[in-house]
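Please treat every number below as a calculation from the coordinates, not as lab data. Nothing here was measured: the structure is a model prediction, and the numbers come from that model. Every residue, glycine among them, receives a Cβ derived from its backbone with ideal geometry; neighbour counts consider all protein chains shown.
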Amino acid sequence: MVTQYIRKVGLFVLSASLLVAGLQIGARARADDDAKWAATEKLYNTYCVQCHGMNRNGKGINAKSMPVQPRDHSDPKGMGAIPDSEIVKAITYGGLSVNKSVLMPAWGKVLSAQQIQDLAAYIRHVCQCGAEAKH
Amino acid sequence: MGRIPILLCVAALTAAAPALAGAADGDAILKQQCAPCHALSKPSDLSLERLWKRKGPDLYYAGVKFNQQWLVQWLQNPARIRPAGEFYFKHVKMTPGGDIVDIAALPRHPRLSKADAEAAAAALMALKGPDAMVSKGAFKKQAVPALIGAMFFEKLRGCAACHMDKPNSGGLSGPELYDAGKRLQPDYIYAYIKAPQRFDPHIWMPQLDLSETDLQRLANYLAARQDAAAK
């Protein structure tokens with residue numbers, strides 16, 4: 001009886017510790033994830049939000065006056081259909097380079113190639129689609 | 001005996017006072033009233049973080065940017081230039097229909113008296129920034145039909161995504177440009193369109209791959225935008 005009781009308590013303590021450890025690892029992973037995106041998020045907030053919006057849904061303060069609406073980066077379906085190479089090309093050389101609107105400007109002379117790669121990955125992170133979602 | 005020199009001193013001070021009051025000290029106004037929000041000399045830190053922290057546009061090259069007459073008027077009656085303020089991201093309100101400018105969050109610019117505005121404008125015109133920031137004579141004045149200019153600004157080169165070339169027509173994250181010619185020197189307009197990051201290394205305006213013809217066309221179109229109520 002007593003041995004069984006000790007075994008039960010032991011199992012409970014063990015599972016509780018594992019749960020706590022698991023939660024801690026989860027929280028740390030999330031914090032690492034946030035830190036990983038922080039610098040790129042700042043770039044997005046500086047250059048992209050003016051048109052693509054605070055919610056990344058294409059409804060920025062400039063969008064209302066536009067004849068063509070900016071891309072909704074929160075739309076997994078629409079964004080999932082665009083290959084990584086096209087996202088990088090659109091940011092670097094502008095909308096016209098991928099047969100889209102001139103209202104999407106070329107950022108290749110403002111941002112480095114690495115920053116543009118990071119932004120493309122961040123956009124995948126936002127839409128939870130494409131290459132980033134498969135990781 | 002002792003009273004005469006004191007009286008003379010008082011008389012001399014009284015006589016000098018109106019002259020001192022009339023000649024406002026422009027440099028002192030800049031230091032006291034402008035420096036808390038604007039850089040009056042080139043900052044050593046021009047990082048993206050600093051761009052986020054600054055409260056107003058840099059003025060260390062105001063003398064090659066603004067028209068003095070406009071400065072004198074504007075400092076007495078400061079009206080909106082940037083619909084979303086500086087920096088736009090800090091004045092955005094999210095609504096179900098999309099982002100809008102949070103007008104209540106926009107800070108008001110101080111207003112100066114006529115004498116102070118004239119003195120401050122003169123002091124600002126002396127701030128030329130580093131050499132070669134703006135090449136004198138790069139702007140070539142030419143007649144660009146307004147319709148052609150507008151077509152390039154609004155449709156072909158995408159400037160209207162962020163700027164208004166007519167009241168209530170265009171984007172909100174960049175300065176209004178329908179009175180750009182009144183506000184800005186033509187050589188500055190040309191230089192800024194050509195390479196905005198020469199002035200603000202991380203500014204949220206793209207550097208487009210524009211031909212010389214395009215640059216001159218757009219700069220001329222904007223330099224001709226003189227009237228705030230232009231249609």
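Summary of values
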item	result
Value of relative contact order over chain B, rounded to a whole percent, pairs C-alpha under 8 Å and six or more apart	22
Amide proton proximity set for B:L184, modelled H, under 5 Å, gap of 5+	B:N67
Built amide H within the under 5 Å cut-off of B:G170, gap 5+	none
Fewest-first ranking of B:D227, B:D99, B:D116, using other Cβ atoms within 10 Å as the exposure measure	B:D227, B:D116, B:D99
Segment B:A126-B:K53, length gained on full extension (0.36 nm per residue, minus Cα span)	23.7 nm
Computed log₁₀ I(q)/I(0) - Debye formula, equal Cα scatterers, no solvent, region A:37-134, q 0.19 Å⁻¹	-0.89
12 Å reach of a label modelled at B:I148, 7 Å along Cα-to-Cβ, counting backbone N of region B:192-223	B:213-214, B:216-218, B:220-221
On Cα atoms only, tilt of B:212-223 relative to the major axis of chain B in degrees	50
Segment B:S113-B:S135, extension gain: residue separation times 0.36 nm, minus the distance between their alpha carbons	4.6 nm
Acute angle (nearest 10 degrees) that the helix B:3-22 long axis makes with the longest principal axis of chain B, alpha-carbon atoms	10
Measure of compaction for region B:24-131 (Cα Rg per 2.2 N^0.38 Å)	1.17
Sequence of B:C159, A:C51, B:C34 once ranked by neighbouring C-beta atoms within 10 Å, starting from the fewest	B:C34, A:C51, B:C159
Likely footprinting exposure, B:Y192, A:Y93, fewest C-beta neighbours within 10 Å first	A:Y93, B:Y192
Residues in region B:78-107 reached by a label modelled at A:N55 [backbone nitrogen below 13 Å; 7 Å Cα→Cβ]	B:93-100
Difference of contour (0.36 nm per residue) and Cα-Cα distance, B:K31 to B:D102	22.6 nm
Region B:24-131 - percent relative contact order, Cα under 8 Å, separation 6 or more	42
Taking only Cα atoms of region B:104-231, radius of gyration then Dmax in Å	15.5, 44
Cα coordinate range in chain B, projected on the principal axes (Å, largest first)	84, 45, 37
Backbone N under 11 Å from the A:V68 label point (7 Å along Cα→Cβ), restricted to region A:104-132	A:104-105
Amide H partners (placed H, <5 Å) of B:V92, local residues excluded	B:D102
